[in-house]
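Peer 1: Structure in structure tokens, see below.
The values are calculated or read from the model by the stated rules, or taken from the named source; none is laboratory data. Just so it is clear, the structure is predicted and the values come from calculations on it, not from any experiment. Virtual Cβ from ideal backbone geometry, glycine too; neighbours counted across all protein chains shown.
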Amino acid sequence: MLQLLLLVVCAGILISGLLAVCLNNLIAAFLFSAGLGLVRMPDAYTRIQAGTKATTLGNILIVAGLAFYHPGWSPKLALVVFFVLMTNPVSSHALSRAAHRIRTPMAPATVTDALADDDKSGDAEGAP
């Protein structure tokens, strides 16, 4: 009976380790795609978008893999995921707005400038 219990525990540890390794490989793929997006995208706006999406998901997967290694840390890791989900999009939005404000050129294939109306109205938000 003790041998069976030991076998079940060892199998659980092995499966947990394999799952964590699979998540780490998936993380590497997403972070590689972020780097590839930074090289291949035509302008600053699409580079910001490519980098932010891939690194957000990559960071969440890193935390998920860590949760498999240390299950007791799950509540703290959930806070980390929440923080990443809140800060990465906000920071990329701020970078994009700043790039638009200093007139960073868009790619020639860009069809719509959603912030063009803000420029025409004299920046009614009251920003300096």
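Peer 1: Can you name the condition, by its number, that residue 73 falls short on among (1) in contact with a helix residue (DSSP H, G or I) (Cβ under 8 Å, 6 or more places away or on another chain); (2) in contact (Cβ under 8 Å) with a residue 12 or more places away in the chain; (3) in a helix (DSSP H, G or I)?
Peer 2: (2)
Peer 1: Now, a different point. Residue 122 versus (1) modelled with pLDDT under 80; (2) on the phi < 0 side of the Ramachandran plot: which is the lone unmet condition?
Peer 2: Here residue 122 clears every test but (2).
Peer 1: Which one is nearest to residue 115 (Cα to Cα) among residues in the range 90-104 that are aliphatic (A, V, I, L, M) and in contact with a helix residue (DSSP H, G or I) (Cβ under 7 Å, 6 or more places away or on another chain)? Break it down into steps so the answer makes sense when it comes.
Peer 2: First pass over the range 90-104, keeping only residues aliphatic (A, V, I, L, M): 90, 94-95, 98-99, 102.
With in contact with a helix residue (DSSP H, G or I) (Cβ under 7 Å, 6 or more places away or on another chain) added as a condition, the list becomes 95, 99.
Details: 95: 14, 99: 11 Å.
Once the filter is applied, the top-ranked residue is 99.
Peer 1: Right, another one. With 115, 77, 95 as the choices, which residue is farther than 22 Å from residue 21 by Cβ and at pLDDT 90 or above?
Peer 2: 95
Peer 1: Can you go through 68, 32 and tell me which one is among the aromatic types (Phe, Trp, Tyr), assigned to a helix (DSSP H, G or I) and modelled with pLDDT of 85 or more?
Peer 2: Working: 68 fails: modelled with pLDDT of 85 or more.
Result of the check over 68, 32: 32.
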